[in-house]
Amino acid sequence: MLLARQKTMLATVTVCALIIILTTLAYIAAADRVGREQLAPEISDAFADILQIQLTHNITDLPTLQSMLERFTRHFQIREAALYNNHGERLSHSYRNSPLLSARLEDSLLIDKLHQYRLSSPRGELQLLVISDRSLPGFFILDTLTTTLFVVSISALLIFALYALTRRWQKRPYLQLLSSVRRATRDGEKEEAITIRSDDPDVQPLTNALNDLLWQYDQRTLNLRNAHQQAESARLRATRLSTETRQINENLAQEISVRRGIETQLKNTQTLLDGIINAMPSALFTLDAQLRIVQCNQQAGDWLGKQRQQLTGRHLLQLIPELAPHADLLNAAEQNSAVHKLERLAISSFIQPLMTDTMIYPLPEQQQAKLVLRIDDVSQRLQLEEIMVHSEKMMTVAGLATGIAHEINNPLGAILQNLQNIRRRLQPGLSANERVAAETGLPLDNLELYLQQRDILQFMDNIQQAGERAANIIANMLQFSRSDKQQKQRTDLNALINNTLSIARGDFGLRHIQLRFSSTETPAWVECLPGEIEQVLLNLLKNSVQALSEYQPDDSQWQPNIHLSIEQRDQQQVIVLEDNGPGIPSTIAAHIFEPFYTTKDVGEGTGLGLFVSYFIITSHHHGQLRYRPGRQHGGACFEIALPAGD
């Protein structure tokens, strides 16, 4: 912030600088106007007159004229000059900087700042063209700036001298006043009033104001002395009060410390209770008399898909309408203070439908909450119970299958043995057969011809094939019942799958289905029971064949096909069986490996095929049997993962 004298000095310097600048600019502008309007035309005219005099004295040779033009263009206000004959041709030319006049007269008459003169000479009439340079020369600008700088220097010295003289005049009354104030200050310890005097009328108002200020100072000093005495007495009283207050504060601090400890314990207890309640896998609801939610845990909010804080104040039956039929039971639990339980209550209003057990606990009176409702998810427990029941059924079925296999094996062996005896009794060439045929008069050749023409031999072959197939089924059942006692073999999956496909082509009638197998370049070794793996593959192939036979898509170009391949993933050999059939819906795919689960009509399926296959792969071979949707038009794809052999 500038002082007043500094502002005055700055304003004076600024005004003087502006005056000097304006004067200099006006001088330069006047000189420029005089040079442009007066000097330039007069110099051009003078040059034309001099040249005319030379021509009058018969000085017409071109070198002389050229020399005169060059000397003339040395003048600072002549930029270019040219001399033309009466035909418009340029005879002589001189210029500074870059030329503007052309070689033809008519092309040069259009140039600005051009002076044209007609001269007479022995050669005839000549035309002189002169271009003036109207700008001020550099020496003029330099002289002007030098003069301006000198004027500025002298002005600065004069202004500084004026400032110093003015400052001295201004300080004189203030110095006198300062001397009076200092004298008054030295005499300030006296009790009489202090008065400052000044003879300068300009400073007299300030002197009066200072006298008033000194009087007020004296009054305030007196008041401060009185106040100091009162404050000292108040300080003594405050000291006594502070001692009493300190004792009270210490007592309050002890009480606050005790209360903080109690609050911390309560908070920790509340946090522990909230943690325990929220960690429970059950949904807990605290209800009032109107069955509105007072508090609930995190599990309740997760099952309902809401923040548990948002559930406070909501009516329970609006959130879980499945409890509405049991509203009387909820009210009765509050009235008679008894615990009630609802078993296997299906609740579909949760985000994921659950099968639950619900417990109702009454709370003591004289508080807002009246009931506690606990909902437990028993879906997994029920599923385990069903699996245990199915496992018991499977054990029973396995025992029955073993007993039935043993019982069927005996009559089946008798049928095959008797069929073999019949073939031997009808076979020509045996002595016993020939002897009996001769006794009865029946040629065996005629009998064989009769049997062939009546397809009796074919019937026998069919009986034998059916019996052998039944024998294989019984052997597989017996093998399945004692498979844990068999020894695993090192087997190449390529050869095993080829054998399985040969059996499938003969048994399943795959003529209308394209069956492809992409074998590996190197053997895919696994430790397995080949018969069981063939059984699993035949089961999966049979299911695919049935699905493709019943599938009728809208695409007329569709052709049923089954593709098998072998992949190696993470120390496992994976058999992939994929078809382009209808696939398995997601709602059904979650249950396909459960025992006795089937989508076929009664009598067409037992629901054990995939379960037995799953049991063989997971239990006997420690592998995995997985289902996923196929890549071909949404078909089905099964993956059999077996541990890779060395």
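Does the stretch 618-637 hold any residues that are open to solvent by less than 30 Å² (accessible area, probe 1.4 Å) and within 12 Å of residue 593 (Cα to Cα), and which are they?
625
Regarding residue 48, is this residue open to solvent by less than 40 Å² (accessible area, probe 1.4 Å), under 30 Å from residue 151 (Cα atoms) and touching a Leu at 6+ places or on another chain (Cβ under 8 Å)? Reasoning before the result, please.
On the way: open to solvent by less than 40 Å² (accessible area, probe 1.4 Å): yes; under 30 Å from residue 151 (Cα atoms): no; touching a Leu at 6+ places or on another chain (Cβ under 8 Å): yes.
No.
Do you know which residues across the stretch 78-113 are touching a helix residue (DSSP H, G or I) at 6+ places or on another chain (Cβ under 8 Å) and closer than 17 Å to residue 51 by Cα?
Once the filter is applied, which keeps residues that are touching a helix residue (DSSP H, G or I) at 6+ places or on another chain (Cβ under 8 Å) and closer than 17 Å to residue 51 by Cα, the stretch 78-113 yields 78, 81, 82, 83, 84, 90, 91, 92, 93, 94.
Out of the residues in the stretch 112-126 that are modelled with pLDDT under 80 and farther than 26 Å from residue 37 by Cα, state the one that is most open to solvent (accessible area, probe 1.4 Å).
123
Residues in the stretch 71-107 that are open to solvent by 40 Å² or more (accessible area, probe 1.4 Å) and within 14 Å of residue 47 (Cα to Cα): how many?
The total comes to 5.
Return only the number of the condition from (1) surrounded by 15 or more Cβ atoms within 10 Å (Cβ to Cβ); (2) at pLDDT 85 or above that residue 645 does not satisfy.
Failed condition: (2).
Kindly evaluate residue 492 against the criterion of being open to solvent by less than 70 Å² (accessible area, probe 1.4 Å), acidic (Asp, Glu), within 52 Å of the chain's Cα centre (by Cα) and farther than 19 Å from residue 469 by Cβ. Write out each step before concluding.
Numbers: open to solvent by less than 70 Å² (accessible area, probe 1.4 Å): yes; acidic (Asp, Glu): yes; within 52 Å of the chain's Cα centre (by Cα): yes; farther than 19 Å from residue 469 by Cβ: yes.
When the stated conditions are applied, residue 492 passes them.
The values are calculated or read from the model by the stated rules, or taken from the named source; none is laboratory data. A quick note: this is a predicted structure, and the numbers were derived from the prediction, not measured. Every residue, glycine among them, receives a Cβ derived from its backbone with ideal geometry; neighbour counts consider all protein chains shown. When the accessible area is computed, the model is the full protein with side chains, heavy atoms only, and any ligands, DNA or RNA have been set aside. Shrake-Rupley method; radii C 1.70, N 1.55, O 1.52, S 1.80 Å.
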